[in-house]
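Working notes, structure below.
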Amino acid sequence: MPSYPYVLLSAAVSLDGYLDDTTPERLLLSGPADFDRVDEVRASADAILVGAGTIRADNPRLLVNSAERRAARVASGRPAYPLKVTVSASGELDPAAGFWHTGGEKIVYTTDEGARRLRRTPVAADVVALGPELDWRALLAHLARVRGVGRLMVEGGGTVHTQLLRQGLADEIQLVLAPLFVGDPTAPRLFGPGGYQDGRLRLVETRRIEDVVLMRYEPTAPGTGPLPAAADRHWLALACELAERCPPSGTAFSVGAVVVAADGTELARGHSREGGDPVVHAEEAALAKIAPGDPRLAAATVYSSLEPCTRRASRPAPCARLILDAGVRRVVTAWREPDTFVTGADGSGVLAREGVEVLVLPEYEDRAKAPNAHLLP
């Protein structure tokens, strides 16, 4: 089970970046074709989340409107409607809101104080207290591990989108740009000010839908410190994909590696036995493509499907030493090296003792093991 769900932020904005205007009626930014697309995305999700402010302002129902899509969900063993989720630090929620009285199951994440308020004025939902303050990582972990949510669609509002992006927790942004202007500085905007991650996002798709344009983006900048960011999962998935391209071997693991700068620029990639070299390792192949002393290496992250080796017979320097010599201070890996070829290998420990931040994301272990299945018990 992944640590967190795949988090998809979904929103429509005016050309000047507003989610709505300040009139009593909700501003419709897209048309029937895009509403149907959103319905399709909802049907693909395990849960849909909005902030309490969105419930107060828009009173959304957050339903899958298509009977065919609901039937397909049921046929696949899922409930007709995704789990509906909201977040409220205060617990001040209107029990009469339509959010609680349509669709399937609902859950409210709140603080200890908010939970006490909701016991006095209950709503038709499960209530989960996250502690004295809201904690997005704890919320996502609970959704994944306790509620089995693998894909979370977030439909607003701007504060929720901003917080998830600033904390590096959004895997994807689906943004629809509408051909109109709002121009009211008091109207709600999609993203607020604050410290976002460095670097550019990757444009995955653009699509014209009637008179609006859908743009899909993925973050690229690695996380910092011991907490994984969404981009860390993207790059580690690529490393696992590279491992699948390795020429097979009965005497060495198939491993993929990617080196990524702090701003999300891919510096190099490599995989075991690349280029016909029967003994080259993935991290070795990737680092060899970067000029020694490249100033970006000091803040870069190495992603490797298997932890870097500490002992090898084929070359003088193991990959852990190559990483240290390159000046890299952060490594993300999917799988600790088993004793198949080297007893007591501990590349993660060697790196950590030299001050390198090492993250192991075990949800990718099975994928890293797949091209090595013939080497494992």
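The values are calculated or read from the model by the stated rules, or taken from the named source; none is laboratory data. It should be emphasised that the depicted structure is a prediction, and the values quoted were computed from it without experimental measurement. Heads up, the Cβs are rebuilt from the backbone with ideal geometry, glycines too, and the neighbour counts pull from every protein chain shown.
Every residue, every condition in (1) touching a residue at least 12 places away in the same chain (Cβ under 8 Å); (2) under 24 Å from PHE35 (Cα atoms), yes or no:
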residue: ASP184; (1), (2): yes, no
residue: LEU190; (1), (2): yes, yes
residue: GLN197; (1), (2): yes, no
residue: GLU205; (1), (2): no, yes
residue: GLU210; (1), (2): yes, yes
residue: TYR217; (1), (2): yes, yes
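From the list VAL149, VAL154, VAL127, pick out the single residue that is more than 22 Å from the chain's Cα centre (by Cα) and among the β-branched types (Val, Ile, Thr). Reasoning before the result, please.
Details: VAL149 fails: more than 22 Å from the chain's Cα centre (by Cα); VAL154 fails: more than 22 Å from the chain's Cα centre (by Cα).
Result of the check over VAL149, VAL154, VAL127: VAL127.
Only one of (1) within 30 Å of VAL259 (Cα to Cα); (2) more than 14 Å from the chain's Cα centre (by Cα); (3) assigned by TED's automatic domain parsing to the domain that holds LEU29 fails for GLN197. Which number is that?
GLN197 satisfies all of (1) within 30 Å of VAL259 (Cα to Cα); (2) more than 14 Å from the chain's Cα centre (by Cα); (3) assigned by TED's automatic domain parsing to the domain that holds LEU29 except (2).
Go through the residues of the stretch 61-82 one by one and say whether even a single one is at positive phi, surrounded by fewer than 17 Cβ atoms within 10 Å (Cβ to Cβ) and free of Cβ contacts under 8 Å to residues at least 60 places away in the same chain.
Yes, because at least one residue in the stretch 61-82 is at positive phi, surrounded by fewer than 17 Cβ atoms within 10 Å (Cβ to Cβ) and free of Cβ contacts under 8 Å to residues at least 60 places away in the same chain.
Counting only residues that are in a loop (DSSP other than H, G, I, E, B), more than 15 Å from GLY347 (Cα to Cα) and touching a strand residue (DSSP E or B) at 6+ places or on another chain (Cβ under 9 Å), how many does the stretch 284-330 have?
5
Tally up the residues in the stretch 127-143 that are touching a Ser or Thr at 6+ places or on another chain (Cβ under 9 Å), crowded, with 20+ Cβ neighbours inside 10 Å and in a helix (DSSP H, G or I), please.
Of the residues in that region, 1 qualify.
If a residue has to be surrounded by fewer than 19 Cβ atoms within 10 Å (Cβ to Cβ) and within 16 Å of THR186 (Cβ to Cβ) to count, how many in the stretch 1-20 make the cut?
2
Taking the stated definitions as given, is ALA178 farther than 16 Å from VAL87 by Cα, out of contact with any His (no Cβ under 9 Å at 6 or more places or on another chain), in the same structural domain as LEU62 (by TED's automatic domain parsing) and not polar (S, T, N, Q)?
Taking the combined requirement at face value, the residue satisfies it.
If GLY355 satisfies every condition in (1) farther than 29 Å from GLU218 by Cβ; (2) crowded, with 20+ Cβ neighbours inside 10 Å but one, which is the exception?
It fails just one condition, (2).
Helices (runs of 4 or more DSSP H) wholly in the stretch 5-114 with at least 1 residues that are closer than 20 Å to HIS161 by Cβ and at pLDDT below 95 - which ones?
Values: elements: 32-44, 52-58, 67-75.
Helices (runs of 4 or more DSSP H) meeting the threshold: 52-58.
Here are the criteria: (1) surrounded by fewer than 16 Cβ atoms within 10 Å (Cβ to Cβ); (2) among the small types (Gly, Ala, Ser); (3) at pLDDT 95 or above. Tell me which single one GLY293 does not satisfy.
Unmet condition: (3).
Of everything in the stretch 1-54 that's among the acidic types (Asp, Glu) and in contact with a Leu (Cβ under 8 Å, 6 or more places away or on another chain), which residue is nearest to PRO82 (Cα to Cα)?
In the first step, residues of the stretch 1-54 are kept if they are among the acidic types (Asp, Glu); the result is 16, 20-21, 25, 34, 36, 39-40, 46.
Now restrict to residues that are in contact with a Leu (Cβ under 8 Å, 6 or more places away or on another chain): 20-21, 34, 46.
Details: ASP20: 25, ASP21: 29, ASP34: 19, ASP46: 5 Å.
Step by step, filter the stretch 1-54, then rank; the result is ASP46.
Scan the stretch 246-259 and give yes if some residue there is in contact with a strand residue (DSSP E or B) (Cβ under 7 Å, 6 or more places away or on another chain) and surrounded by fewer than 16 Cβ atoms within 10 Å (Cβ to Cβ), otherwise no.
no
Within the stretch 229-242, identify whether any single residue is farther than 24 Å from VAL342 by Cβ, in contact (Cβ under 8 Å) with a residue 12 or more places away in the chain, surrounded by fewer than 18 Cβ atoms within 10 Å (Cβ to Cβ) and not aliphatic (A, V, I, L, M), and answer yes or no.
Checking the stretch 229-242: at least one residue is farther than 24 Å from VAL342 by Cβ, in contact (Cβ under 8 Å) with a residue 12 or more places away in the chain, surrounded by fewer than 18 Cβ atoms within 10 Å (Cβ to Cβ) and not aliphatic (A, V, I, L, M).
Within the stretch 228-251, can one find any residue that is outside any helix (DSSP H, G or I), within 28 Å of ALA138 (Cβ to Cβ) and at pLDDT 95 or above?
No, the stretch 228-251 contains no residue that is outside any helix (DSSP H, G or I), within 28 Å of ALA138 (Cβ to Cβ) and at pLDDT 95 or above.
Give me a count of the residues in the stretch 4-43 that are more than 26 Å from the chain's Cα centre (by Cα) and of a type in the set (Asp, Glu).
4
Out of the residues in the stretch 9-25 that are out of contact with any strand residue (DSSP E or B) (no Cβ under 7 Å at 6 or more places or on another chain) and among the polar types (S, T, N, Q), state the one that is nearest to ARG37 (Cα to Cα).
SER14
Could you check the stretch 250-289 and list, in sequence order, the residues that are over 15 Å from VAL331 (Cβ atoms) and in contact (Cβ under 8 Å) with a residue 60 or more places away in the chain?
Result: GLY250, THR251, ALA252, PHE253, SER254, ASP263, GLY264, THR265.
Looking only at residues in the stretch 274-283 that are under 30 Å from the mean Cα position of the chain (by Cα) and part of a helix (DSSP H, G or I), which one is surrounded by the most Cβ atoms within 10 Å (Cβ to Cβ)?
So the residue we want is GLU283.
Can you tell me how many residues within the stretch 331-358 are within 12 Å of PRO308 (Cα to Cα), touching a residue at least 60 places away in the same chain (Cβ under 8 Å) and assigned to a strand (DSSP E or B)?
Total satisfying the criteria: 2.
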